[in-house]
């Protein structure tokens with residue numbers, strides 16, 4: 001089993017339940033989308049645990065009191081297209097977050113990432129960045145995404161994935177040892193097409209019905 005202080009496997013009864021739905025080949029598109037959104041709620045909640053907060057004073061209906069709010073701006077970055085399946089869940093918890101986008105597809109012959117779109121906020125160094133990508137397979141796409149974000153100034157980055165594979169985790173931790181990974185489960189291997197085994201299939205196809 002992989003061990004790293006940067007790898008956080010969110011082993012929670014709710015994450016197990018949502019993964020059970022996502023892994024099942026008989027799960028219909030509507031239920032798959034809902035389970036991905038709900039799993040994102042669990043994973044993002046854990047990924048936000050280390051966000052700094054600041055004390056502020058508010059008035060309740062009965063008396064003044066001190067409360068705590070997240071003290072840094074947050075930027076969510078779904079990796080297109082599958083990352084969009086986690087965005088609604090993340091925004092439900094972080095509704096004031098800025099959203100940037102990075103579009104990558106995997107060349108089916110080389111399994112290498114190809115960037116086709118990027119739209120990121122200015123002054124990215126101000127933000128605590130959270131990357132949303134359901135599948136961490138070879139790690140190539142996520143590593144390229146992280147390099148792109150760092151080129152734009154990002155310094156505090158975490159990544160949220162539903163399912164990861166050992167080779168992908170090893171690749172990302174090697175290329176970006178300063179980044180935290182929050183995953184629902186780590187599967188042992190990839191097949192000859194670089195798909196996670198047992199995994200849950202192609203998350204984008206199952207989310208958007210392009211099977």
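Values quoted throughout were computed directly from the atomic coordinates according to the rules given, and no laboratory measurement underlies them. Since this is a predicted model, take the numbers as computed values, not measurements. Cβ atoms come from the backbone with ideal geometry, glycine included; neighbour counts cover every protein chain shown.
Taking the condition of being without any contact (Cβ under 8 Å) to a residue 12 or more places away in the chain and touching a strand residue (DSSP E or B) at 6+ places or on another chain (Cβ under 8 Å), how many residues in the stretch 60-114 meet it? Let's see the steps before the verdict.
Step one: filter the stretch 60-114 for residues without any contact (Cβ under 8 Å) to a residue 12 or more places away in the chain, giving 60-66, 95, 105, 107, 109-110, 114.
If we keep only those that are touching a strand residue (DSSP E or B) at 6+ places or on another chain (Cβ under 8 Å) too, we end up with 64-66, 105, 107, 114.
Qualifying residue count, the stretch 60-114: 6.
Can you list the helices (runs of 4 or more DSSP H) lying wholly within the stretch 123-211 that have 1 or more residues being touching a residue at least 40 places away in the same chain (Cβ under 8 Å) and under 15 Å from residue 78 (Cα atoms)?
Because the criterion is at least 1 residues that are touching a residue at least 40 places away in the same chain (Cβ under 8 Å) and under 15 Å from residue 78 (Cα atoms), the helices (runs of 4 or more DSSP H) in the stretch 123-211 that meet it are 140-151, 203-208.
Residues in the stretch 121-137 that are more than 22 Å from residue 50 (Cβ to Cβ) and under 18 Å from the mean Cα position of the chain (by Cα): 135, 137.
This table checks each residue for (1) surrounded by 18 or more Cβ atoms within 10 Å (Cβ to Cβ); (2) touching a helix residue (DSSP H, G or I) at 6+ places or on another chain (Cβ under 6 Å).
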site	(1), (2)
138	yes, yes
141	yes, no
158	yes, yes
180	yes, no
183	yes, no
197	no, no
205	no, no
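Of all residues in the stretch 34-45, those that are touching a residue at least 24 places away in the same chain (Cβ under 8 Å) have Cβ atoms under 6 Å from Cβ atoms of residues that are surrounded by fewer than 19 Cβ atoms within 10 Å (Cβ to Cβ) and assigned to a helix (DSSP H, G or I), 6 or more apart or on another chain, in 37/88; 42/14; 44/93.
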